[in-house]
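Participant: Below you will find the structure I want to go over with you.
Quick note: the coordinates plus some simple rules give every number you see, no bench work behind them. Model, not experiment: these values are computed from the prediction. Please note: Cβ atoms are built from the backbone with ideal geometry, for glycine as well, and neighbour counts cover all protein chains shown.
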Amino acid sequence: MTTTTQPQAPTTTAEPERIRKILVSKQDRPHRSGPVSASLTYGWRALLKIKHVPEQLFDVTIFPIMMTVMFTYIFGGALAGSVDQYVQWLIPGIFVQTLIMITMYTGLTLNKDISKGVFDRFRSLPTWRPAQLVGALLGDQVRYTLAGAIILIVGFVMGFRPDGGLLGVLAAFLMLLVFSFSVSWIWTVVSLAVRSEQAAMGISMFILMPLTFASNIFVNPTTMPSWLEAVVDVNPVSVVVTSVRELMSGIYDVGSMMTVLIYCVVLVAVFGPISMFIYNRKS
């Protein structure tokens, strides 16, 4: 018994495209997101993660208060003679230290997302590729802002009175947020280069500890040995702290601010491309 098969119509590569045009009209097709909208979308995702896991805010609420109170009342009398005098010196410095330390958690969050496979899905989407990293960093700006506001409120309660007034404080705050965003790219590289969250934290702390403690955050560098003073003076953290202190005192030194901005540009220009290189090739 013989069977006959019905001839099938030839298929072409244009058939799926023709069907798509029939199903979705041109005016109803969604526009492809641009770099800005894609980055903001991923930034909103970072904020939603905080909403559903509020425990993430522990490091930007309790940690700043603990650091400020502890260093002021334990070291104030020994380093400056009184707490009232030391708080004027410490608050701008601890303000910088807290935000820089918090940037480390950006890399840890990215490493956790990568280990769970979330970013494999993101990379398959037709969006601007760097938006996934830029959005995560932009979302963390909210955490930095919250931590900075807490530091300043605690400082005001403890007697900190900046001579630059509200304008000087806001200018210092804005500059520090830009610098924190730039520093975050370092931890992005670290989080992409290592395989575990613990390794990322260990490397981050290894870099952060000498940068923050071998600086002018807690004491005046003139009290240090000459060789150490030279190192502290060129430390990027010291440069930022000096500029923040000047702005909060009402001193608008263009040279100092430009130096900080140059540091920011260099950090993004160096670590941004490295982050994307590793990200595009990471399995």
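Participant: Can you compute the modelled spin-label distance between LEU48 and ASP233, with each label point 7 Å from Cα toward Cβ, in nm?
Facilitator: 5.2 nm
Participant: With 10 Å bins from zero, work out the P(r) of the range 39-116 over every alpha carbon pair and list the percent per bin.
Facilitator: 16, 37, 24, 16, 7, 0
Participant: May I pose another question? Just going by the charge dipole of the range 36-281, with Lys and Arg at +1 and Asp and Glu at -1 on Cβ, which of VAL169, ASN280, PHE218 is farthest out on the positive end?
Facilitator: In the range 36-281, that residue is ASN280.
Participant: Any idea what the dipole of the chain comes to, in debye rounded to 20, about its Cα centre with Lys/Arg Cβ at +1 and Asp/Glu Cβ at -1?
Facilitator: Using Cβ point charges on Lys, Arg, Asp and Glu, the chain gives about 1480 debye.
Participant: Hey, with R₀ at 35 Å, roughly what FRET efficiency would GLN198 and SER226 work out to, going by the Cβ-Cβ distance, to 0.05?
Facilitator: My answer for the efficiency is 0.35.
Participant: Any chance you could run the full-extension gain for VAL118 through PHE75? It's 0.36 nm times the residue separation minus the Cα-Cα distance, nm to one decimal.
Facilitator: Here the segment from VAL118 to PHE75 would lengthen by 11.0 nm.
Participant: Using the scaling law 2.2 N^0.38 Å as the reference, what is the normalised Cα Rg of the range 36-281?
Facilitator: Against the compact-globule rule of thumb, the ratio is 1.04.
Participant: Follow-up. Mark the label point 7 Å from the Cα of ASN280 along Cα→Cβ and return the residues of the range 94-134 whose backbone N is within less than 16 Å of it.
Facilitator: Correct set: 123-134.
Participant: Also: Compute, for the range 48-192, the length of the dipole vector about the Cα centre, with Cβ point charges of +1 (Lys, Arg) and -1 (Asp, Glu) only. Units Debye, rounded to 20. Mind dumping the intermediate values first?
Facilitator: Working: 9 positive and 7 negative charges, 111 e Å.
With Lys and Arg at +1 and Asp and Glu at -1, about 540 debye.
Participant: Only four residue types carry charge here, +1 at the Cβ of Lys and Arg and -1 at the Cβ of Asp and Glu. Report the dipole size of the range 195-283 about the Cα centre in Debye, rounded to the nearest 20.
Facilitator: 480 debye
Participant: Per residue and in Å³, how big is the convex hull formed by the alpha-carbon atoms of the range 157-253?
Facilitator: Convex hull of Cα atoms, per residue: 135 Å³.
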